[in-house]
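We did not get these values from a lab; they are worked out from the coordinates using the rules stated. Being a predicted model, the structure only gives us computed values, none of them experimental. Counting neighbours? That spans all protein chains shown, and the Cβs are built from the backbone with ideal geometry, glycine included.
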């Protein structure tokens, strides 16, 4: 069949005049992740200075305590505890939207300024999560250098093998050639991490290594309840547990929404150790996303807190032209109430299957 002569068809409408109205859904589909499980599971507190300080202490090691009848008094050696600190870091997002950009009719949103503010707020929260889990060292900053807070990887790495806290050697499980960070008060393990830990040679995640860190946290007095890791490491853990030596317990709760058909369980979300139940929590903002050096944190959330010198706030910046200016800002730091409550299995090769030892 052929068109009659002079027929105006659909394709002619897209000629020089382009008379076809666009069909555009009035919804913007943004799947960038905004969940921040580390922030969501630890405490929230207040800082009152740009250098936030707190104290940590430990009991003397248990010993056979026997004395003769009538023994004379002699003072025991007493330790005052440690004074720890972390600098607050300023994180912000700057938004500038012109008058025209805000009022013209747009696809997927009405007010451009409101849309960009909502988006920037989510981005800022992701930046905070990334920084809290980082191996970044703390610094005071000055007129030309931004102050930075020490991230969790730097805190744990700086306290590895510290005799003051009677640490087990499994507290930080690091690859070969890796090195601990340092603290400003190295003589008594006080201060803040002023140097990041050095990454070691990547190797496979092992169950023995994971358990050694859990045991070390328990020996130090903590009750670790969370293992925070990147998504690939979470899968490695699940695949290993479903292998030939798997010890998967019978599920005791529903797995999501009820549905027809046969279900297959392919994930391990809880690990029952000798020292408590540990939730395996994937976090997209662990270092796995950005480098070959992958971390798994074993933490006791009771001894962690985000302390805010100034909470999330939106400031209106004075107009200097034909545009609107806003700034979203947060001034915060990570308070590691007692660093030895937490452990780290680091330098994980996310391309290698998890092994027993």
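Could you sort 193-204, 133-144 so that the peptide with the highest average Cβ count within 10 Å comes first and the rest follow in order?
Taking the mean over residues of other Cβ atoms within 10 Å, the ranking is 193-204, 133-144.
Give me the number: length gained by fully extending residue 94 to residue 53, i.e. 0.36 nm times residue separation minus the C-alpha to C-alpha distance, one decimal in nm. Show your work: numbers first, answer last.
Values: separation 41, 0.36 × 41 = 14.76 nm, distance 2.98 nm.
Taking 0.36 nm per residue and subtracting the Cα distance, the gain is 11.8 nm.
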